[in-house]
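Encoded as structure tokens, the structure appears first; notes follow it.
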Amino acid sequence: MSQALLLAGGRIIDPANNLDVQGDVLIEGGLVAGVFPGRAPAARTAGAEIVDAAGKWIVPGLIDMHVHLREPGEEYKETIVTGTKAAAAGGFTAVACMPNTRPVNDSEAVTALILAKAREGSARVYPVGAISRGMQGESLAPLGEMRRAGVVAVTDDGRPVSNSQLMRRAMEYGANHELLVISHAEELSLSENGVMNEGPLATRLGLRGIPRVAEEIMVYRDLALARYTGRPLHVAHVSTRESVDLIRRAKAQGCRVTAETAPHYFSLTEAAVDRYNTRAKMNPPLRTADDVAAIRAGLADGTLDAIATDHAPHSESEKEVEFDLAANGIIGLETSLPLALALVRDGVLTPRRLVEVMSLDPARILGVAGGTLSPGAAADVTVIDPEARFVFTEADIHSKSRNSPFLGWELEGRAVLTLCAGRVTCRR
């Protein structure tokens, strides 16, 4: 059994238990053994390794509910081992990985392979299965089989489910198997061949645009299906003002919907793609300042429930090409927390709300353990130095890929200790 660990004198932020206090957290046998406002009793901590957490935040381990780990099939971009190492470096103790692997995760066999590889990793891995076989949008994947194998949700992320009847059936049958359905909201007839946000900048650059309604129309459709079926729905990578408004109104009407956004949608605008910067190319694309403001407001008022990275590693050869040909997506596991902490400094989020959207609510939405420091819970814990300043360089990256638009940025705040079941997975 590993030595007990005492995280001493930190700011303990645990929304699940309505805690925001200075104190100590004791870790024993991979579990949270005690949370003590002030000081832990000396009799309880004899022999424990003491970690000075003064000036730091002690929070439930961060959970990223939307990552691409690329294994199986594209290990040259990322593996489960390298991806979870990047996750731990970013303060994450658990990630949910999308099914657009090669082969697609639409079966018990692929799910089992992912879970076997995850045993070698630095974070818990929750596989997400495909809605349709081969992500072709034609017939349902075997949802029950995948659920029994260990998937926690289903999505055809990377492509929308264009067939409305198929999406309806996914919601109905998915709910029967306690599987969350995640919507990739995109109307392909509007977005096809687009490479950035539609608008004056796209026109100036001579690039085909993706109008915001390509997202909003599909958000509207999937919300309508959720209302009709009474089944839960989660909307991925929300990027526009109207999408936020649609989700806000649906929640007010009692629709069982949750939603996420990604750090790039509240940190960058379409201006980041100027000069044909392929490291800022993604789908949905970066939008306008008005959209960024709406995303921030949606996180603050609870319309958007989670911050998820949509970590999408690509090789240099897939990014260092003409903008039209470059792959969509960026890495994000190691920049998510400092970018979110900027929202705290800006007064958009409170520290408690940040922990909710990066730990408690992702656990709740996925129906997995975590998001709490309750005694007896697994010791998935992140210690954050909110004032640590650093310039983000390639030396900070544990992913196999380097496709980040935030390289060279001076960031503030990062995880200095990550514990997964009491095991140290990252320490600075």
Which residues, counting only those in region 163-200, are in a loop (DSSP other than H, G, I, E, B), out of contact with any Asp or Glu (no Cβ under 7 Å at 6 or more places or on another chain) and surrounded by 23 or more Cβ atoms within 10 Å (Cβ to Cβ)? LEU179
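Residue by residue, here is whether (1) touching a residue at least 24 places away in the same chain (Cβ under 8 Å); (2) farther than 23 Å from ILE217 by Cβ; (3) buried (at least 19 other Cβ atoms within 10 Å of the Cβ); (4) not assigned by TED's automatic domain parsing to the domain that holds GLU394 holds:
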{"residue": "GLY91", "(1), (2), (3), (4)": "yes, yes, yes, yes"}
{"residue": "ALA96", "(1), (2), (3), (4)": "yes, yes, yes, yes"}
{"residue": "PRO99", "(1), (2), (3), (4)": "yes, yes, yes, yes"}
{"residue": "ALA112", "(1), (2), (3), (4)": "yes, yes, no, yes"}
{"residue": "ALA116", "(1), (2), (3), (4)": "no, yes, no, yes"}
{"residue": "GLY129", "(1), (2), (3), (4)": "yes, yes, yes, yes"}
{"residue": "GLY150", "(1), (2), (3), (4)": "yes, yes, no, yes"}
{"residue": "VAL161", "(1), (2), (3), (4)": "yes, no, yes, yes"}
Of everything in region 291-316, what is part of a loop (DSSP other than H, G, I, E, B), β-branched (Val, Ile, Thr) and without any contact (Cβ under 8 Å) to a residue 60 or more places away in the chain? Give them in sequence order. THR303
How many residues does region 12-46 hold that are more than 12 Å from SER374 (Cα to Cα) and part of a strand (DSSP E or B)? 7
When region 365-389 is examined, which residues are found to be among the charged types (D, E, K, R) and in contact (Cβ under 8 Å) with a residue 40 or more places away in the chain? ASP380, ASP385, GLU387
Sort out which residues of region 117-145 are under 23 Å from ALA185 (Cα atoms) and part of a helix (DSSP H, G or I), and write them in order of number. ARG133, GLY134, MET135, LEU143
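Yes/no matrix, rows are residues, columns are (1) among the hydroxyl-bearing types (Ser, Thr, Tyr); (2) part of a strand (DSSP E or B):
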position: GLY73; (1), (2): no, no
position: LYS77; (1), (2): no, no
position: THR84; (1), (2): yes, no
position: ALA87; (1), (2): no, no
position: ALA96; (1), (2): no, yes
position: THR101; (1), (2): yes, no
position: ASN105; (1), (2): no, no
position: LEU115; (1), (2): no, no
Tell me whether region 61-80 contains one or more residues that are within 24 Å of ARG414 (Cα to Cα), of a type in the set (A, V, I, L, M, F, W, C), modelled with pLDDT of 95 or more and surrounded by fewer than 24 Cβ atoms within 10 Å (Cβ to Cβ). no
Condition met for ALA214 (in a helix (DSSP H, G or I), among the hydrophobic types (A, V, I, L, M, F, W, C) and surrounded by fewer than 18 Cβ atoms within 10 Å (Cβ to Cβ)): no
Take the residues in region 273-305 that are among the acidic types (Asp, Glu) and crowded, with 23+ Cβ neighbours inside 10 Å, then tell me which one is farthest from ARG208 (Cα to Cα). ASP305
Condition check: crowded, with 19+ Cβ neighbours inside 10 Å, closer than 30 Å to GLU178 by Cβ and touching a strand residue (DSSP E or B) at 6+ places or on another chain (Cβ under 7 Å). Does GLY371 satisfy that? yes
Run GLU260 past the list (1) within 19 Å of THR335 (Cβ to Cβ); (2) among the acidic types (Asp, Glu); (3) surrounded by fewer than 17 Cβ atoms within 10 Å (Cβ to Cβ) and report the number of the one that doesn't hold. (3)
Does GLY9 satisfy the condition of being assigned to a strand (DSSP E or B) and either modelled with pLDDT under 95 or among the small types (Gly, Ala, Ser) (or both)? yes
In region 223-257, residue surrounded by the fewest Cβ atoms within 10 Å (Cβ to Cβ) [restricted to those that are charged (D, E, K, R) and within 25 Å of GLU198 (Cβ to Cβ)]: ARG249
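The values are calculated or read from the model by the stated rules, or taken from the named source; none is laboratory data. These numbers were taken from a predicted model, which means no experiment stands behind them. Here Cβ is always computed from backbone atoms with ideal geometry, including for glycine, and neighbour counts include all displayed protein chains.
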